[in-house]
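The next block holds one structure in the form of C-alpha cells; read it before the comments.
The values are calculated or read from the model by the stated rules, or taken from the named source; none is laboratory data. Quick caveat, the model's predicted, so the values are computed rather than measured. When we count neighbours, we look across all protein chains shown, and the Cβ atoms used for this are built from the backbone with ideal geometry, even at glycine. Surface areas here come from the heavy atoms of the whole protein model, side chains and all, with no ligands, DNA or RNA. Shrake-Rupley method; radii C 1.70, N 1.55, O 1.52, S 1.80 Å.
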Amino acid sequence: MSETITFTIDGKEVSAQPGQTIMQAADAAGIYIPRLCAFEGLVPHGSCRVCTVMVNGRAQAACTQPVADGIVVENDTEKLLAIRRDIIEMLFVEGNHYCMFCEKSGNCELQALAYRFGIAAPKYPYLFPKREIDATHPDIFIDRNRCVLCGRCVRASRDVDGKGVFEFVGRGPQKRVAVNAEANLADTDLKTSDKAVEVCPVGAILRKRVGYAVPVGRRRYDHKPIGSDIEQAASKK
Amino acid sequence: MSKSLEADVKKICKACGNDRTRMMDIVRSVQEQCGCVSGEAMDLIAREVSCHRVEVESVVSFYAFLSTRPKGKVVIRLCDDVIDEMKGSDQVAAALKTELGIDFGETTADGAITLEHTPCIGMCDQAPAAMVNDEVVTYLSGDAARSMVRSLREHMDPKKLVGRFGDGNNGHDLVRSMVHNNIRQSGEVVLAPLAEGAALKNALAMSPAEVIRDVKTARLRGRGGAGFPTGMKWEFTRNAPGTQRYVLCNADEGEPGTFKDRVILTERPDVLIEGMTIAGYAIGSDTGVLYLRAEYAYLRSFLEQALHDRRNKGLLGKDICGKKGFNFDIRIQMGAGAYICGEETSLISSVEGLRGDPKNRPPFPAQKGLHQCPTTVNNVETFCCVSRILEKGPGWFAQMGSKGSPGTKVLSISGDCHRPGVYEVPFGIKLSDVLKLCGAEDAAAVQVGGPSGTMVSPAEFGRTICYDDLATGGSVMVFGPKRNLLKVVRKFLEFFIEESCGYCTPCRVGNVLLLERLNRILDGRGEPSDLPYLERLGQTIKTAARCGLGQTSPNPVLTTLKSFRSAYESLVKEAPDGLQPSFDIGAALGDAKTITGRESVHF
Ligand SMILES: Cc1cc2nc3c(=O)[nH]c(=O)nc-3n(C[C@H](O)[C@H](O)[C@H](O)COP(=O)(O)O)c2cc1C
Ligand code: SF4
Ligand code: FES
Ligand code: FES
C-alpha cells in the first residue's frame, strides 16, 4: 500500500519504506553501516556516532536519520572511515579495555569494530579513568571500566523488561550508567533473564560464572568480521 | 527516614501536581528548602510522582546548581570565565579562600558557606562577578570579597550585600540588584521604548497568516545564533498537525560573553512578552514558557510581576485585547545551571522535566517539540524584533541593517576595551567600527560569537557582523596585545568539556583529547605533528557530534590554528634526539622507582 522510496548509498540504488531509517534500509540491501549503540528491537539512540554517514553532503547518524526519496548517502568513503576510526579509538581510550583477558573478548562488538577497521593501537593517549565495579548482585556484575555508554541496557530495561533498572547520571566526561537503587545492583530487581543483561555490546554487564565458556576459535568474531552477516545475507539473495 | 523531610518533599510535589514533567520545579524547590536533593529525597520524589528513583537522580546529577550532597546555607559561585580572569578573579578567588578557610568545592565546617566556581554568569561587562545564592555581586576585588564574607558571617543574608542599586530597573523593588545595564548605544528596534500593546493590537487586527507574512517580509532571522528565518519557523509550527502548540522563549543565555538578554529582560520585558503573545496568535498557541537561566533568578519576581500586570491590563490571559477566543498565557521555567539547555531541543527536554540532553532530529520542534506538540523556540531578542515589526511595519524593519541581515543586533562587548556593555548596532557594521565604539582600537584579537564562534585577527577586522560573515548571538570579547590567546583557547575548551551533555562520543571524549594536546603544547612538550593532529581531531568532532555544542566546540582551536598559527608554531619543536618530547621517561618510570626504591638507569 505504501509508496516505496528510492535513494542511493555510495551510488547503489536502494529502496525503502517510509518511516525506515537509513540503517534499516541499508541492512535490507546488504550494505553494512558500522554501528555500536544501535540494536535491533530497541529505539535508536544516536549516541556513539559510529554510524555517521553523509546525507546530501551533511553528516547524519544512519541509525536515527529517516530515509527520504532521492537522497544521496555516502557510507564507504575515505573520509567517513577515518571519522569512524577516530570515534572507535576515542571509545578505547575513554575507558579501560583489557581485551586480552576480558570475558567478552571475541564476542565484543567494540573489539570487533577495531579489528574490522584495522586498529592495532589507538593514536590517542589513554585517559585511564577511575571507574566503579558493582559485583553485589548474586548473578550479574557491572564493570564500568568497559562501559561505552551506548545506552542499550537503559533502553532494554525500560522498554523491553519494563523495569528501569539503569539510567544515565552525570554529564560530560562524568556521565555514567547508574542503577535504580541507593548504590548497588543487588538492590534492584534485575534478573539474569532480562533483556538488559543480554544487550551489552562489550564486557560491561556480564553474567557471573559463565565467562570464557566458548573456546578461542569458536567465538562470534573469530572468523568473520563484524557486519559480514549483513553483507552475506544480501549476496545469498 | 526523617519525618520533616518527608513532609517537605510531599508538600513540594503536591504543589507541582505530583506531575513528573514538573521535575525541574520539584528538584529546585527541594534543593532550596532542604539544601540538597539527598538520596532519601530522591526516593520520596520518585514515590510521589510515580517514576524510578534513578530517573530523579539522572536529572539532579545533570544540573550544576543541584546537588545530592548538602551545601552551605549560602553558596558563593565565583564566575571563572575568561573575561573575569582577565579582570582579576584570581585575586578574588584567593581572598575568598583565605577568608573562608576552604577551597573551591568545599563547605565551611559550620555548614554555613559553600564556595564554587561557575562558568559565565552573564556579567562580563562588570567582572569579576559572583552569585551569592540568587544574588549577583559585581565589580569584585580581593578587598570587596573579604568584606563580603565578613558581613555574610554576620547576617547570612545575601540580599544585604547589595549596597547601591544598579541603574534602571535594577533598582526596581522586585529586583534590588547591584547589576548595571551598561547600555552604551540604543537602537530603534530592540532597546527603544514601546507603547504598550501597540504591536499586539496591530497583530490582532490581522489574520495569523498575515502576521506570519509580515515577519517573513521583514526577513527576520533568529537572534539566538543559528539565524533561522523566524517567519518560516512559525509557518512550519502553525501548519504541523496537532491541537496543542507551544511558544518557548529561550532566555538561557549561556554563551560566554553574552549578556544582552539580561539587559532586555531588565529594561524591555514588555517588548519581549508582547512578541511572545504575537507568536502565540500567529502559530495558534495558548501557552508560552519563558525558560530563564538559573543565573538570572534575581529577575524572576520582576518578570512574574510584568506578566501579572499584563494579565490585569487584558494583554495576556483570556480574550486578549477583547479578541474573543484568543487566549494566551506565559509561565516561567527556571533552569538549574546547564549551558546545553540553550540548545532548543535540550531546552525542551528540560521543560519536560528531564536531563537536558538534546533530542534526535527529525522530528524538529516545529513538528514535535514540547510534549510532542508543535513548538516554536525563539530567542529573547527575536521576540522583541517581532514586536517592533508589528508596530512599525516590515518595510521599516527590512530597510535597516544589511541586505541578507535586516534589522539591528544587540551586542554584548567585554574584555580589553574602555566601554564594555550593550550596543545595539545595525547589521553589516564593520568589526573595526565596533571596536572604535567600545574603545578597543588596540585589540590584538576578537572572539566573535562566543567560544563557539570565531577568533578574529587584526588583519580581518574589516569583516562585518552579519549572518553571512561574522555571525553572533551577541558575544564580542576583546583581547589586548598582552593576552596569551592559547590560554584563552584552553579556557574555552574547559568550558565545553564541563558543559557537554556527554551523550555522544565525539563531544564527550574528543574535547578532552583536544585539551590534552593543547596542554602539552602550552607546557612546551608539543611537536609540529600536534598541529595536524589537532586539526583532524577537531574536524572529526565537528562533523560527527550530535548537536550544535559539539559541532562548534573545536572552533576555538581550529580558528586560532588558522588565524594565529604562529602562536602554536612558536611553542612546538622537533626533538633533537628523535624521541617524542611528550614522552618523559623519568615520569614514566616514576611508579617503578617508588616501588623499588632505587633510581632507574636510562639514557
Ligand atoms: C549549545 C547551544 C547553546 C545555545 N544557547 C542559546 C541561548 O542561550 N539562547 C538562544 O536564544 N539560543 C541558543 N542556542 C540556539 C538555539 O538552539 C536556537 O537556535 C534558538 O534559541 C532559536 O531561536 P532564534 O531562531 O530566535 O534564534 C544555542 C544553541 C546551542 C547549540
Ligand atoms: S555534541 Fe553530543 S555530547 Fe556534546 S552536547 Fe551535543 S549531544 Fe551532548
Ligand atoms: S549506531 Fe548510530 S549513533 Fe550509534
Ligand atoms: S573485549 Fe571489549 S569490553 Fe572486553
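To the nearest 0.05, what FRET efficiency results for B:Glu188 and B:Asn239 with a Förster distance of 35 Å applied to their C-beta separation? Can you show the working numbers first?
Working: r = 32 Å, r/R0 = 0.92.
So the FRET efficiency works out to roughly 0.60.
Could you work out what % of the accessible surface of the stretch B:17-113 is carbon and sulfur, using a 1.4 angstrom probe and leaving DNA, RNA and ligands out of the count?
43
How big a patch of accessible area, both sides summed and in Å² to the nearest 100, lies buried between B and A at a 1.4 Å probe?
So the buried area, both faces added, is about 3400 Å².
Between B:Arg47 and B:His371, what's the calculated FRET efficiency when r is the beta-carbon distance and R0 is 25 Å? Round to 0.05. Numbers along the way, then the final one.
On the way: r = 23 Å, r/R0 = 0.94.
The computed FRET efficiency comes out at 0.60.
Kindly report the accessible area of the protein assembly as shown per residue (heavy atoms of protein chains, probe 1.4 Å, no ligands, DNA or RNA), in Å².
40
I'd like the projected area of the protein assembly as shown, averaged over all directions, using the convex hull of its alpha carbons. Report it in nm² with one decimal.
About 39.3 nm², averaged over all directions.
Determine the shape class of the stretch B:410-479: with a ≥ b ≥ c the square roots of the Cα gyration tensor eigenvalues, call it rounded for a/c under 1.5, and otherwise prolate if a/b is greater than b/c, oblate otherwise.
rounded
Given points 7 Å out from each Cα along the Cα-Cβ axis, report the B:Asp577 to A:Lys208 separation in nanometres with one decimal.
5.0
So, counting K/R as plus one and D/E as minus one, what does the shell of residues with Cβ under 14 Å around B:Glu441 add up to?
Numbers: positive: B:Arg419, B:Lys430, B:Lys436; negative: B:Asp416, B:Asp433, B:Asp442.
With Lys, Arg at +1 and Asp, Glu at -1, the net is 0.
Pick from A:Asn96, A:Asn56, A:Asn75: which is most flexible by mean-square fluctuation in a GNM of chain A where alpha carbon atoms under 10 Å apart are linked?
Largest GNM mean-square fluctuation: A:Asn56.
Return the ratio Rg/(2.2 N^0.38 Å) for the stretch B:310-387, where Rg is computed over Cα atoms only. Could the numbers behind the result be given before it?
On the way: Rg = 14.9 Å, N = 78, 2.2 N^0.38 = 11.5 Å.
Cα Rg divided by the expected 2.2 N^0.38 Å: 1.29.
Starting from 0 in steps of 10 Å, tell me what percent of the Cα-Cα pairs of the stretch B:184-398 lands in each bin.
Result, from short to long distances: 9, 38, 40, 13, 0 percent.
Take every DSSP beta bridge with both residues inside chain B and express the antiparallel ones as a percent of the total, to the nearest 5.
45
Helix B:142-155 against the longest principal axis of chain B: what's the angle in degrees, Cα atoms only, rounded to the nearest 10?
Taking the Cα atoms of chain B, the angle to B:142-155 is about 60 degrees.
For A:Pro18, what charge total do you get from the other residues with a beta carbon under 10 Å from its beta carbon, if Lys and Arg give +1 and Asp and Glu give -1?
That works out to -2.
For a 26 Å ceiling on Cα separation, which of these pairs sit above it: A:Lys163/B:Lys542; A:Lys79/A:Lys195; A:Lys130/B:Lys491; A:Lys191/B:Lys3; A:Lys191/B:Lys11; B:Lys487/B:Lys593?
Pairs exceeding 26 Å: A:Lys163/B:Lys542; A:Lys79/A:Lys195; A:Lys191/B:Lys3; A:Lys191/B:Lys11; B:Lys487/B:Lys593.
How big is the equivalent ellipsoid of the stretch B:50-209 along its three axes, where each semi-axis is √(5λ) from the Cα gyration tensor, reported in whole Å from largest to smallest?
Its equivalent ellipsoid spans semi-axes of 35, 24, 15 Å.
Determine which lysines satisfy two conditions relative to B:Lys436: a Cα distance under 23 Å, and not lying fewer than 8 residues away in the same chain.
Straight-distance partners of B:Lys436: B:Lys87, B:Lys260, B:Lys409, B:Lys482.
Spelling out what I want: for every residue of the stretch B:122-133, take phi, set θ = phi - 60°, compute 6.51 cos²θ - 1.76 cosθ + 1.60 (Karplus), and round to whole Hz; glycine and proline get x.
For the stretch B:122-133, the Karplus curve yields x, 10, 4, 6, 9, 6, x, 9, 8, 9, 10, 6 Hz.
Given chain B, what whole percent of its Cα pairs are spread farther than 42 Å?
Across chain B, Cα pairs with separations above 42 Å total 24 percent.
If you take the charge dipole of the protein assembly as shown about its Cα centre, with +1 on Lys and Arg Cβ and -1 on Asp and Glu Cβ, which of B:His117, B:Ala127, A:Asn75 is farthest toward its positive end?
Of the candidates, A:Asn75 comes out farthest on the positive side.
In Å and whole numbers, how far do the C-alpha atoms of the stretch A:78-117 stretch along each principal axis, longest first?
Each principal axis gives a Cα extent; for the stretch A:78-117 these are 33, 19, 11 Å.
Run through the DSSP bridge list for the stretch B:279-438 and note the antiparallel percent, rounded to the nearest 5.
55
In degrees between 0 and 90, to the nearest 10, how far off the longest principal axis of chain B does helix B:485-499 point, with axes built from Cα atoms?
Taking Cα atoms only, the helix is inclined about 60 degrees.
What does the net charge come to around B:Lys318 if you take all other residues with beta carbon closer than 11 Å to its beta carbon, with K and R at +1 and D and E at -1?
0
Under 8 Å for C-alpha pairs, at least 6 residues apart: give me the relative contact order for chain B, rounded to a whole percent.
Reported relative contact order: 13 percent.
Need one word for the stretch B:480-528: rounded, prolate or oblate. Basis is the Cα gyration tensor (sqrt eigenvalues a ≥ b ≥ c); a/c below 1.5 gives rounded, then a/b vs b/c decides.
oblate
Largest first and in whole Å, what are the equivalent-ellipsoid semi-axes of the stretch B:564-603 based on the Cα gyration tensor, each being the root of 5 times an eigenvalue?
Equivalent ellipsoid of the stretch B:564-603: 31, 12, 5 Å, largest first.
Quick one: Debye curve from the C-alpha atoms of the stretch B:519-603, no solvent, what's log10 I(q)/I(0) at q = 0.13 Å⁻¹?
Taking Cα atoms of the stretch B:519-603 as identical point scatterers yields -0.59.
Give me the tail of P(r) for chain A as a percent: Cα-Cα pairs with distance above 33 Å.
Summing the P(r) tail past 33 Å for chain A gives 21 percent.
Per the Kirkwood treatment, what hydrodynamic radius in Å, one decimal, follows for the stretch A:5-76 from the mean inverse distance over all distinct Cα pairs?
11.8
Please turn the phi angles of the stretch B:544-556 into ³J(HN,Hα) values with the Karplus equation 6.51 cos²θ - 1.76 cosθ + 1.60 (θ = phi - 60°), one per residue in order, whole Hz, x for glycine and proline.
9, 5, 7, 9, x, 5, x, 5, 10, 4, x, 3, x
Suppose we compare each residue of the stretch A:169-204 in its chain alone and in the full protein complex with a 1.4 Å probe; which ones drop by at least 40 Å² of accessible area?
In the stretch A:169-204, residues shielded by partner chains: A:Val169, A:Gly170, A:Arg171, A:Gly172, A:Pro173, A:Lys175, A:Asn180, A:Glu182.
In the stretch A:121-192, which trypsin sites (Lys or Arg not before Pro) fall in coil by DSSP and have 10 or fewer other Cβ atoms within 10 Å?
Of the trypsin sites (Lys or Arg not before Pro), the ones in loops of the stretch A:121-192 whose Cβ has at most 10 other Cβ atoms within 10 Å are A:Lys130.
Between the helical axis of B:300-312 and the dominant principal axis of chain B, each derived from Cα atoms, what acute angle in degrees is found, rounded to the nearest 10?
So the helix axis and the longest Cα principal axis differ by about 10 degrees.
In the protein assembly as shown, what percentage of the DSSP-assigned beta bridges are antiparallel, given to the nearest 5? Mind dumping the intermediate values first?
Numbers: 45 of 77 bridges.
Within the protein assembly as shown, antiparallel bridges account for around 60 percent of the total.
Can you give the direction-averaged projected area of the convex hull of the alpha-carbon atoms in the stretch B:122-225, in nm²?
About 9.7 nm², averaged over all directions.
Write down, largest first, the equivalent ellipsoid semi-axes of the stretch B:3-62 in whole Å, where each equals the square root of 5 times an eigenvalue of the alpha-carbon gyration tensor.
Ellipsoid half-lengths, sorted descending, are 14, 13, 11 Å.
Which lysines have a Cα less than 22 Å from the Cα of B:Lys160, not counting those fewer than 8 places away in the same chain?
By straight Cα distance, B:Lys160 reaches B:Lys71, B:Lys73, B:Lys97.
Stokes-Einstein D for the stretch B:78-163 at 20 °C, 1.002 mPa s, Kirkwood Rh over Cα pairs, in µm²/s?
The estimated diffusion coefficient comes to 169 µm²/s.
Would you list B:His52, A:His137, A:His223 from the most to the least accessible area, probe 1.4 Å?
Numbers: B:His52 65, A:His137 15, A:His223 145 Å².
Listed by decreasing accessible area, they come as A:His223, B:His52, A:His137.
Which shape class, rounded, prolate or oblate, goes with the stretch A:187-237 when its Cα gyration tensor gives a ≥ b ≥ c as root eigenvalues, a/c under 1.5 marks rounded, and past that a/b bigger than b/c marks prolate? Present the calculation step by step, with values, prior to reporting the outcome.
Details: a/c = 3.48, a/b = 1.78, b/c = 1.95.
It is oblate, given that a/c is not under 1.5 and a/b is not larger than b/c.
Give me the mean projected area, in nm² to one decimal, of the convex hull enclosing the Cα positions of the stretch B:436-574.
Averaged projected hull area, Cα only: 8.4 nm².
Hey, if you put +1 on the Cβ of every Lys and Arg and -1 on every Asp and Glu Cβ in the stretch B:184-398, which of B:Leu204, B:Phe397, B:Leu370 ends up farthest toward the positive end of that dipole?
Value computed over the given set: B:Leu204.
When only the heavy atoms of the protein chains count and the probe is 1.4 Å, how do B:His155, B:His418 rank by accessible area, highest first?
From most exposed to least exposed: B:His418, B:His155.
Between the DSSP loop rule and a limit of at most 13 other Cβ atoms within 10 Å, which GluC sites (Glu not before Pro) in the stretch A:119-184 are left?
Numbers: sites: A:Glu132, A:Glu167, A:Glu182; in loops: A:Glu132, A:Glu182.
Answer by residue number: A:Glu132, A:Glu182.
Using the Karplus curve 6.51 cos²θ - 1.76 cosθ + 1.60 with θ = phi - 60°, work out ³J(HN,Hα) for each residue of the stretch A:140-154 in order, rounded to whole Hz, and write x for Gly and Pro.
Once rounded to whole Hz, the list reads 9, 10, 10, 10, 6, 4, 9, 6, 10, 6, 6, x, 5, 5, 4.
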